[in-house]
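The values are calculated or read from the model by the stated rules, or taken from the named source; none is laboratory data. Because the structure is a prediction, the values reported are computed rather than measured. Every residue, glycine among them, receives a Cβ derived from its backbone with ideal geometry; neighbour counts consider all protein chains shown.
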Amino acid sequence: MTDPARSWRLALPMYNVTPALGVAWQAVLDCVIAGLRSRGWSDAARVVAPPDDLMALWRSPDLLLSQTCGYPLVTELCESVRVLALLEFDLPGCDGAGYRSMILVPDHGARSLDALRGTVAAINQWHSHSGMNALRHTIAPLASDGRFFARIQASGSHLQSMAMLQRGEADVAAVDCVTYGLAMREAPALTAGLRVLQVSAPAPGLPLIASTALSDAQADLLQEILLTLPDSAPDVLRALSVRRVRAAQLADYAPIRQQALTAAEHGYRELA
């Protein structure tokens, strides 16, 4: 069915909130590979540790499966990847295929969005929907001359953004509801002393993607295996609070682009 000389990589870089959850995500990928093998897949396929340069991984022609953020998907990766599926989580803030960002502040912090004016915001990455774009969309109606915060600090991850709030190094951060929900359940110390001020507008959950180098037949097979994960790995998905795997396509992520456009209509093109 496939060229035996081809070698593919799989990595799920998101939601590894604790080592135990990291093991569970590894089990998901092992199950995917086993499913491929049982259906005649002969190419080499290996799970790799997520590299520091995730954009390079997502653009790689040897990417068999990964999870990206919806914002880089609609702004930079449209031509490089196939969108196969998305996960539905059984966590607060998740609604079917959609999810929201929790706008977090310290317990003693702001009591309204407007009270955040002139403060420090922590974001995980500039290309993140949940950490940047959702926050920009939420704040846009309050911005003046394209500004609202005193400073934006990129922390590197949602967990680091929450840690900055706990240490008093930032006043607000937007953290996706899956990371926040898993942290509350598995490692509550990571969310201690934090409060949800507001939730963002909904957006599609993180897409499961593959390289466009896959043939249509390969992509269809991979999608079929993903959609049957609730049957083939129910205990693993339950441990990850995944209730369902749903087929998805690039067009499903238009709401994320629209949130960026709406912020721009308010004159708030960049989080500032």
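Odds and ends about this structure:
- Count of the range 225-249 residues which are buried (at least 19 other Cβ atoms within 10 Å of the Cβ) and out of contact with any strand residue (DSSP E or B) (no Cβ under 9 Å at 6 or more places or on another chain): 2
- Test result for T228, outside the structural domain of D30 (by TED's automatic domain parsing) and touching a helix residue (DSSP H, G or I) at 6+ places or on another chain (Cβ under 8 Å): no
- Any hit, the range 182-193, residues being touching a residue at least 24 places away in the same chain (Cβ under 8 Å) and in contact with a Lys or Arg (Cβ under 9 Å, 6 or more places away or on another chain): no
- Criterion: surrounded by fewer than 21 Cβ atoms within 10 Å (Cβ to Cβ) and over 20 Å from the mean Cα position of the chain (by Cα) - qualifying residue of A143, A170, A187, A154: A143
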